[in-house]
1. At 7 Å along the Cα-to-beta-carbon direction for both A:Met21 and A:Ser74, put a label point, then send me their distance in nm to one decimal.
2. Could you put A:His67, B:His321 in order, starting from the residue whose Cβ has the fewest other Cβ atoms within 10 Å?
3. Using a 7 Å offset from the Cα along the Cα-to-Cβ direction at both A:Leu66 and B:Asp241, what is the distance between the two label points in nm, to one decimal?
4. In the range B:429-487, what GluC sites (Glu not before Pro) fall in a loop by DSSP, with at most 15 other Cβ atoms inside 10 Å?
5. Just add up the charged neighbours of B:Ser193: K/R +1, D/E -1, any other residue whose Cβ is under 10 Å from the Cβ of B:Ser193.
6. Under a Cβ-Cβ cut-off of 13 Å, what is the net charge of the residues other than A:Trp68 that fall near it, where Lys and Arg count +1 and Asp and Glu count -1?
7. Calculate how steeply helix A:45-55 sits against the longest principal axis of the alpha-carbon atoms of chain A, using the helix alpha-carbon long axis, and give the answer as 0 to 90 degrees to the nearest 10.
8. Report the gain in length on full extension from A:Arg310 to A:Thr241: 0.36 nm times residue separation, minus Cα-Cα distance, nm rounded to one decimal.
Amino acid sequence: MTAYLLKRLIIALATLVLASMVVFAVLEIIPGDPARLMLGLNASADQVEVLRNQMGLNAPLALRYLHWAGGLLSLDFGRSYTYSVPVIDLVRERVVVSLPLALIALALSTIIAIPVGLYSASRRGQAGDTIAMGATQFGVAVPNFWFALMLIYLFAVWLRLVPAGGFPGWSAGVWPALKSLLLPSVALALPQAAILARVARSALIEVLNEDYIRTARAKGLPYRAVLWRHALRNAMIPVLTILGLQFAFLLAGTIIIENVFYLPGLGRLVFQAITQRDLIVVESVVMLLVAAVIAVNLIVDLSYAVVDPRLRSRQ
Amino acid sequence: MKLWKTILAAAALALAASTSSFAARTDLVIGIPLEPPHLDPTAGAAAAIDEVLYANVFEGLTRIGPNGEVLPDLAESWAISDDGKVYIFKLHTGVKFHDGTDFNADDVKFSLDRARADNSVNAQKGLFAAIDKVEVVDPATVKVTLKNPQGSFLYNMGWGDAVMVAPESADTNKEKPVGTGPFKFQSWAKGSSITLVKSDNYWGTPVALDKAEFRIVPDAAAAVPALLSGDIQAFPFFDPDSVAQVKDDPRFKVVIGSTEGETILSINNKKPPFDKLQVRQAISYALDRKAIIDGASAGLGVPIGSHMSPANKDYVDLTGHYPHDVAKAKELLKEAGLENGFKATLKLPPPSYARLGGEIIASELRDVGIDLEIIPVEWAQWLDQVFTKKDYDLTIVSHTEPNDIDIYSRKDYYFNYDNPAFDKIIADLNLASDEAKRKELLGQAQKILADDAVVGFLYELPKVGVWDAKLQGLWENAPIQANDLTKVKWSD
């Protein structure tokens, strides 16, 4: 178990270091000068040079990488070029929107997907299964921003139950803030739930064909108990894998959803920073996201061991 | 009994009067498409900075009015010497910055000297280039001496980049702007909104609104539901393509006004074959402006024939200079020795006028034998490749700075255009302050640009504003990129 954990940790750290190099190099290669972007069309070349010096953009590339990567180690993410405030402050303001959004979406997609998967698998080939799988096919095919727009027109414009977008801030109260995250998280969750439900169904069907399920049924265990205690638990590994991957997709999906609902989240921050060539913000936030995805995958790896005792005892 | 009725009627009247005065709203939520990078108008070119702060939080010596006119602002009056080189500004007294410090002549000297200093990062430093020295005569009088007469000096001082700042707060304006305007800054929730509130110690006419929130809505598709649900009550700069969704709704007013945005097909004048006049003229003949406006701007926008807004008082209509004429265009290409046509690239920045207009222009130029390869670029790439390195053949962009015909005389500008006769006119224009003389020179300048077919002149970008029908006082036109809220109020 310890060796398993150690191996996973080393892989995670190596991935982080490699990612930091790739992220930095890629962003330095793409054309565009943040100083020129800030000063616009009427500023002279000399003035752009003055600003570049003030922003520290004229230092050598390797030096800037070491400075940035060194800062990351001590959790110093540098200062934004455009906002001229510490990146960590920007991140802290934004993460309180994006993280709850992603987590609610993840929870929603799981809550929807597992029962649908169970239902479909247990009624394989029947009308209910066909309808449920038709619906998930639809969910997989339709992009989340279209769901978002439909939800806005239904619940915000027509029924006026929730705001059409924007985020009042947690200081405005938990309920108003949650209310503004409701539609975005549903829009994010639906396509993910559809994928997850299909995976859960096929994993369950495979498990239900196993001999031990027949044995369990033969010894007189009720069907429901077999499904929950034996089948679902053994079908968890592929479901967990997809769930881990989905977390990364959800973080990426927030970029689009945050634009449709004009939520001030991390996705918007990155998007805006890319167009303004606020490279230090892009680099630092991307690294944070990389770290988050790696951490989630680590947790998923460890949870395999929880659901599958064989992985625990091995080695 | 009669008395009783009278009392009742009077009470009802009083109640009606009091509720109606309560009913008039004093708050407003305005949607803006882009978030300002920071809140200091004197340190960045982003239009979004002025869209929040100009005239609301910051004021200058002069200001630009709703129709592009120069109005007195912090300077209540001025006198100009006969040689046009000395300006004496008389300032309003009793003016305070929002942090409570006094505004006086020292602040004027500080602001102007700061903007033109060697280490200045003012995006429009050129506005101050003519200033030789700024002297404080007394706390309410400032003397500005110019190196040479400059006809546009008072206009220049009305730009957002020339607003007055205080030495105590200038360095922190990016995060916490402190000006002299009728609104003061309250809060900025990054990525979400910026809130201004009424300033209690304002020197001029107080504003009707108590609170104005600028909410950032980057996506045009999100703007429509935000309006329909009532979350946001005004979008002064609305996406032309979305107008159809709200224009028949009586709850809203759709106001189409003019801007200073000349949308042009920029041509690299030094790069063969575009260095040949016939080729550039052929392009101008090949363009069908009506089709371009219909396709790129939902039919909104006024065609132009040179680099001047049709709303400008010195505008000369040159749209008939190159009528849409495919045969003529082919003939000119033949004269230039290119009867078999040629290939070129068209780099398109992100705005929809460029991306949509580019496709139409590419098909129009294909009709005369010019085969364009469309290359979409981001703004950062556009600034780098096209604007700075001049690595392009053709591009589409809207030049939104007001009165900017002088860009064609700038050395090393990305058009690569060089015409001494044009430069001479601009030099004369800079020195002229007589209105009639300026009008004549500006007319000549427009004519030369059209004759030389320097670029393909397309149309003036429209300002499409959509707001609640009960809202009054928002600008119809955009002589500068601003959302002046000083006259905005709700009717009941």
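1. 2.4
2. Details: A:His67 14, B:His321 18.
Lowest count first: A:His67, B:His321.
3. Roughly 4.8 nm, to one decimal.
4. On the way: sites: B:Glu435, B:Glu440, B:Glu460, B:Glu476; in loops: B:Glu476.
Hits after loop and neighbour filter: B:Glu476.
5. On the way: positive: B:Lys190, B:Arg215; negative: B:Glu35, B:Glu213.
Cβ neighbours under 10 Å give a net charge of 0.
6. Numbers: positive: A:Arg64, A:Arg79; negative: A:Glu28, A:Asp76, A:Glu283.
Here the count lands on -1.
7. 60
8. Working: separation 69, 0.36 × 69 = 24.84 nm, distance 1.71 nm.
Separation in residues times 0.36 nm, less the Cα-Cα distance, equals 23.1 nm.
Read-outs: derived from the displayed coordinates by stated rules, not from any lab. Not measured: the values here are computed from a predicted model. In this analysis, Cβ positions are derived from the backbone assuming ideal geometry, glycine residues included, and neighbour counts consider all displayed protein chains.
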